[in-house]
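Peer 1: What follows is a structure written as structure tokens; I'll ask about it next.
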Amino acid sequence: MFDMKGMNAVEYVAGHASELDYDMLSPLAIKRAGQVIVDTICCALGARDTDLGKLAAEYAMATEPGNEAILWGTNVKLSSAGAAWANAVASKHLGMDDSHRICGHVAAELVPLAIAICEQRGLTGKDLVRIVAAGYDVFGAIQPGVKVAQRVRGLDHKSQAGTLASAVVAALAMDLGKDKVANALALSMDMASGTEQYVFDAGLCDTKDLLSGFAVRNGIYAAQLSAAGFQGPPGALDGEYGYYHAFGDGYDQAFLANLGKDFTIAETGFKPHAGCRHVHACVDATNDLLSQGKPDLSEVAKIRVGSYKNAITPSFRVKYDCDTVNQAEFSLPVTVSVVLNKGSWYKEDIASFDQPEVQELVPKVEVVLDEQINSDWPEKNGCVVEVTTNGGDVYKGHVSYALGEPENMLSDEEFESKFRYLAKGVISEDNITALCNMVDTVGDIDDVSELVKLTLPDK
């Protein structure tokens, strides 16, 4: 056991977040923070003109008018809470946001909120990086202890751990003292909520993306309540009815042992493809197969996809008869069939799920548990794809890590390609270039508004 110096879990987590300084961050943590910030902005820009992106913007403009923060990809200013909410929903929508193997999707719940309040208050790039990194550390302290139970119960991490981490991010950006940061964290526990029913009702609801918005809204509300003097339960994390018991199987002090030793943001991954992260290793394994020579798809006899348990269960991950794009983005049979035809897995590729050439392959797919790959999970998230033709020729592709994992990170050129794909047509080429350059310089800006101005629309 380690020494928590007489503090409860809320005090210990909030103390770390409050005391974290930019100069304490490792070079890798700073690098990843810059990538996370620009990646999140570009993901939101890419979704700005989608139906949900437009609906979120319209709702925020109607309910959260103001002059505090920019709605990215527009000339509209809203309240900081409204801009953060709409930008969060948009940044989650395309499914190209960041992905941490233990914590899941983190950026959409933290980055839009941090940027909005930093913009409102005229904070620096170093402030933004420090606050985002602290939020990731809170996520990293909370999520691992409940991850397994969440999956069994069908709970969603984005609006649970995301709400708690968002509350800390908001409190730090509002420059609340350590005690009020702790109280914001405590208050937010009773706002944590959300299930993953959306994966079974994909295409029939918007909650997959709204959950990130819920985390943002609840996080800033908790910080505002704390600033006003309202009190949350000291045992919000480790108490008998606290977070670890309510959403997990109980509290263990060991959950917090690495807080302050490693930076969670340094361990995050990025999604070069759209859709669910659990299908991305299949995308990459299929592309590995194609790089060695493309089979004649009219002669395919069978396709075999092997991966880890979390990638192939529950049933929606092996759905053969998808009715909507939202269902298709989770389906391994659809994924391999689309990528064999298209060579990529962007939103427009997923939309081809019902095309004849794709549907010709889908019934030929067998999805299996690969024992070796499963034994390596979650340290690795691999996949193997095997295509056999009617003539008996066999084509194989394999990856141990999906592209974008820390061990198989995107190159600077691949990051830039992703950013340009997402932001093209929404902001100018000059602003896209400037955003790409911000990855390594965000900590140098004197006012976060300099970053946000780059999201103004192409005239």
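Peer 1: On a full-extension model of 0.36 nm per residue, what is the gain between Glu429 and Val394, subtracting their alpha-carbon distance, rounded to one decimal in nm? Spell out each step's value before the answer.
Peer 2: Values: separation 35, 0.36 × 35 = 12.60 nm, distance 4.36 nm.
Taking 0.36 nm per residue and subtracting the Cα distance, the gain is 8.2 nm.
Peer 1: Order the peptides 280-287, 394-401 from the highest to the lowest mean number of other Cβ atoms within 10 Å of their residues.
Peer 2: Details: 280-287: 26.8, 394-401: 18.1.
My ranking of the peptides, most packed first, is 280-287, 394-401.
Peer 1: Let me ask another. Rounded to the nearest 0.05, what FRET efficiency do Glu348 and Glu371 have when you use their Cβ-Cβ distance and R0 = 30 Å?
Peer 2: Numbers: r = 35 Å, r/R0 = 1.18.
Efficiency, rounded to the nearest 0.05: 0.25.
Peer 1: May I pose another question? Pairs of Cα atoms under 8 Å, at least six residues apart: use those to get the relative contact order of segment 277-403, whole percent.
Peer 2: Working: 244 pairs, mean separation 53.2, N = 127.
After rounding, I find 42 percent.
Peer 1: Place +1 on the Cβ of every Lys and Arg and -1 on the Cβ of every Asp and Glu in the chain, take the dipole about the Cα centre, and give the residue among Leu164, Leu259, Cys276 whose Cα lies farthest towards its positive end.
Peer 2: Leu164
Peer 1: Please give the charge dipole size of the chain, origin at the Cα centre, charges +1 on K and R Cβ atoms and -1 on D and E Cβ atoms. Round to the nearest 20 debye.
Peer 2: On the way: 38 positive and 64 negative charges, 96 e Å.
Dipole size: approximately 460 debye.
Peer 1: At 7 Å along Cα-to-Cβ for each site, give me the label-to-label distance between Asn437 and Thr313 in nm.
Peer 2: Roughly 5.1 nm, to one decimal.
Peer 1: Straight-line reach only, C-alpha to C-alpha below 19 angstrom: list the aspartates and glutamates that Lys342 could link to, leaving out same-chain residues fewer than 8 apart.
Peer 2: Counting by Cα, and skipping residues close in sequence, Lys342 has these aspartates and glutamates nearby: Asp284, Asp288, Asp296, Glu299, Glu329, Asp354, Glu357, Glu360, Glu386, Glu414.
Peer 1: Further question on the same structure: Find the relative contact order for the chain and round it to a whole percent, using C-alpha pairs within less than 8 Å whose residues are 6+ positions apart.
Peer 2: Numbers: 949 pairs, mean separation 92.7, N = 459.
With pairs under 8 Å counted, the relative contact order is 20 percent.
Peer 1: Of Gln372, Val452, Thr335, whose Cα points farthest to the positive end of the dipole of segment 318-459 (charges on the beta-carbon: +1 Lys, Arg; -1 Asp, Glu; origin at the Cα centre)?
Peer 2: Toward the positive end, the furthest listed residue is Thr335.
Peer 1: Okay, next question. Using the Karplus equation 6.51 cos²θ - 1.76 cosθ + 1.60 (θ = phi - 60°), what ³J(HN,Hα) coupling, rounded to whole Hz, does each residue of segment 271-285 give in order, writing x for Gly and Pro?
Peer 2: Couplings: 9, x, 10, 8, x, 5, 4, 5, 9, 5, 5, 5, 4, 5, 5 Hz.
Peer 1: Next question, about the same structure. With axes computed from alpha carbons, what is the tilt in degrees of helix 178-189 against the longest principal axis of the chain, rounded to the nearest 10 within 0 to 90?
Peer 2: Once rounded, the angle reads 50 degrees.
Peer 1: Positive end of the charge dipole of segment 9-267 (Lys, Arg +1 and Asp, Glu -1 on Cβ, about the Cα centre): tell me which of Cys103, Gly73, Phe230 has its Cα farthest that way.
Peer 2: About the Cα centre, the residue reaching furthest to the positive side is Gly73.
Peer 1: Roughly how big is segment 363-459's charge dipole about its Cα centre, with Cβ charges of +1 (Lys, Arg) and -1 (Asp, Glu), in debye to the nearest 20? Don't skip to the end; give the middle numbers.
Peer 2: Details: 8 positive and 21 negative charges, 106 e Å.
My answer is approximately 500 debye.
Peer 1: Mind scanning Lys271/Lys453; Lys158/Lys261; Lys180/Lys347; Lys31/Lys396; Lys54/Lys158; Lys178/Lys424 and naming the pairs with a C-alpha gap bigger than 32 Å?
Peer 2: Lys180/Lys347; Lys31/Lys396; Lys178/Lys424, as the Cα separations exceed 32 Å there.
Peer 1: What's the local net charge at Gly125, with K and R +1, D and E -1, over the other residues with C-beta under 10 Å away?
Peer 2: Details: positive: Lys126, Arg130; negative: Asp127, Asp444, Asp446, Asp447, Glu450.
Neighbour charge sum, excluding Gly125 itself: -3.
Peer 1: Would you mind counting up the charge near Glu68? Only other residues with Cβ under 13 Å from its Cβ, with Lys and Arg at +1 and Asp and Glu at -1. It would help to have the intermediate numbers written out before the result.
Peer 2: Details: positive: Lys77, Arg121; negative: Glu64, Glu119.
Local charge sum for Glu68: 0.
Peer 1: What FRET efficiency would be calculated for the residue pair Asp446, Glu19, taking the C-beta separation as r and a Förster radius of 22 Å, to the nearest 0.05? Display every interim value, and only then the final one.
Peer 2: Working: r = 24 Å, r/R0 = 1.08.
Efficiency at R0 = 22 Å is approximately 0.40.
Peer 1: A further question follows. Would you please give the FRET efficiency between Lys364 and Val152, computed as 1/(1 + (r/R0)^6) with r the Cβ-Cβ distance and R0 = 41 Å, to the nearest 0.05?
Peer 2: In this case the efficiency is close to 0.80.
Peer 1: Give me the dipole magnitude in Debye, nearest 20, for segment 220-277 about the Cα centre, with unit charges on the beta carbon: positive for Lys and Arg, negative for Asp and Glu. Kindly include the intermediate steps, with their values, before the conclusion.
Peer 2: Values: 3 positive and 6 negative charges, 70 e Å.
About 340 debye.
Peer 1: Okay, moving on. Mind running the shape call on segment 285-419? Use the C-alpha gyration tensor, a ≥ b ≥ c as the square roots of the eigenvalues: rounded below 1.5 for a/c, prolate if a/b tops b/c, oblate otherwise.
Peer 2: rounded
Peer 1: Here is a further query. For segment 9-267, calculate the relative contact order in percent as a whole number, restricting contacts to Cα pairs under 8 Å that are 6 or more residues apart. Show your work: numbers first, answer last.
Peer 2: Details: 502 pairs, mean separation 64.0, N = 259.
Once normalised by length, the contact order is 25 percent.
Peer 1: Expressed in nm to one decimal, what extension gain is obtained for the pair Gln355 and Thr324 from 0.36 nm per residue of sequence separation less their Cα-Cα distance?
Peer 2: Details: separation 31, 0.36 × 31 = 11.16 nm, distance 1.23 nm.
9.9 nm is the gain from fully extending Gln355 to Thr324.
Throughout, read-outs are computed from the coordinates displayed, never taken from laboratory work. These numbers were taken from a predicted model, which means no experiment stands behind them. Every residue, glycine among them, receives a Cβ derived from its backbone with ideal geometry; neighbour counts consider all protein chains shown.
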